[in-house]
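The values are calculated or read from the model by the stated rules, or taken from the named source; none is laboratory data. Please read all numbers here as calculations on a predicted model, not as lab measurements. Cβ atoms come from the backbone with ideal geometry, glycine included; neighbour counts cover every protein chain shown. Ligands, DNA and RNA are excluded from the accessible area calculation, which covers all protein heavy atoms including side chains. Shrake-Rupley method; radii C 1.70, N 1.55, O 1.52, S 1.80 Å.
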Amino acid sequence: MTYSVIGTGGIGGYYGGRLAASGQTVRFLLHSDYEYVKQNGLQVDSCRGNFHLDRVEAYADVREMPHSDVVLVGLKSVNNHLLPEMLRAVVTPQTVVVLIQNGIGLEADLQAAMPDLQIVAGLAFICTAKTGPGHISHYDYGHINLGNYSCRDAARFETLLGDFRAAGIEAAEVDYAEARWKKAVWNMPFNGMTVALNTTTDALLANESTRRLIREQMMEVIGAARACGVAHIDASFADQMIEMTEQMTPYSPSMKLDFDYRRPMEIPYLYTRPIAEARKKGFEMPRLAMLEAQLRFIEWWLSAG
């Protein structure tokens with residue numbers, strides 16, 4: 001199959017790079033480093049083996065990209081208002097769009113804007129970042145779960161899974177709603193707390209007070225997930241996420257990097273939307289609502305400064 005990557009950052013650059021290195025046709029949409037990548041290729045420094053793509057099918061304008069069988073979206077969700085127009089340039093009725101983004105409600109909003117689109121949720125469990133022009137650094141983990149939101153083509157979905165696995169990426173099919181909320185169990189505490197306290201994941205767990213708060217926040221997400229109909233999740237999952245994070249390379253999540261580089265933070269889909277969805281079901285998330293308010297203040301303070 002042919003692939004397009006919209007948003008060649010740490011996520012899109014890594015997964016698209018792996019697919020390209022395995023022999024798949026992959027087209028990359030780039031912005032600030034378009035000329036660099038066009039001339040020098042894409043370098044991926046990975047804990048699972050470094051590689052370099054000498055020749056990259058790079059584009060600076062999505063309107064110049066050919067149609068693709070699969071589009072991998074690695075954009076920050078703060079730019080999702082641009083997504084329908086961008087996708088119309090590269091999709092056909094058969095194209096599958098994989099949203100490799102964080103948050104709740106992403107697929108529903110895109111489907112409302114593009115009712116006939118075939119959408120799959122991509123839940124990436126990976127520590128990666130773009131660390132320079134045409135340079136992706138992959139520090140830990142790397143597997144991806146795929147949840148079918150509205151993909152009508154079962155054969156194409158299976159081929160997608162197979163292509164990821166053939167590229168050396170651990171990939172699995174999962175229940176959509178369960179996967180989105182399970183990802184939020186990690187994302188909502190760690191993304192916001194690393195920003196609010198200007199720290200990293202390991203430090204949050206090393207301190208008794210913040211470790212306890214992280215788990216309490218995780219339990220709020222689990223309660224929200226259950227209120228929203230996710231049955232197969234309980235306190236043991238919070239403990240599993242904490243154990244996984246302790247074994248992880250000390251890490252600054254994507255929101256912390258956005259904060260560090262003074263970029264807009266993904267507050268709407270990571271916090272506002274899940275808090276609102278839980279409230280509709282009669283479940284409150286007070287600790288995470290407070291964290292959302294702190295993040296809103298930090299973003300306002302940065303923009304005012």
Exercise. Give the residue that is most open to solvent (accessible area, probe 1.4 Å), with candidates limited to residues of the range 138-181 that are more than 24 Å from residue 43 (Cα to Cα) and in a strand (DSSP E or B).
Key: 173
Exercise. State whether the residues of the range 118-137 include one that is in contact with a helix residue (DSSP H, G or I) (Cβ under 7 Å, 6 or more places away or on another chain), open to solvent by less than 30 Å² (accessible area, probe 1.4 Å) and part of a helix (DSSP H, G or I).
Key: no
Quiz item: Mind checking which residues of the range 255-305 are closer than 19 Å to residue 198 by Cα, of a type in the set (Ser, Thr, Tyr), within 20 Å of the chain's Cα centre (by Cα) and open to solvent by 30 Å² or more (accessible area, probe 1.4 Å)?
Solution: 261
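Residues to consider are 206, 231; find the one that is over 25 Å from residue 100 (Cα atoms), open to solvent by 60 Å² or more (accessible area, probe 1.4 Å) and not charged (D, E, K, R). So that I can check it myself, show each step before the final result.
Details: 231 fails: over 25 Å from residue 100 (Cα atoms).
It is 206.
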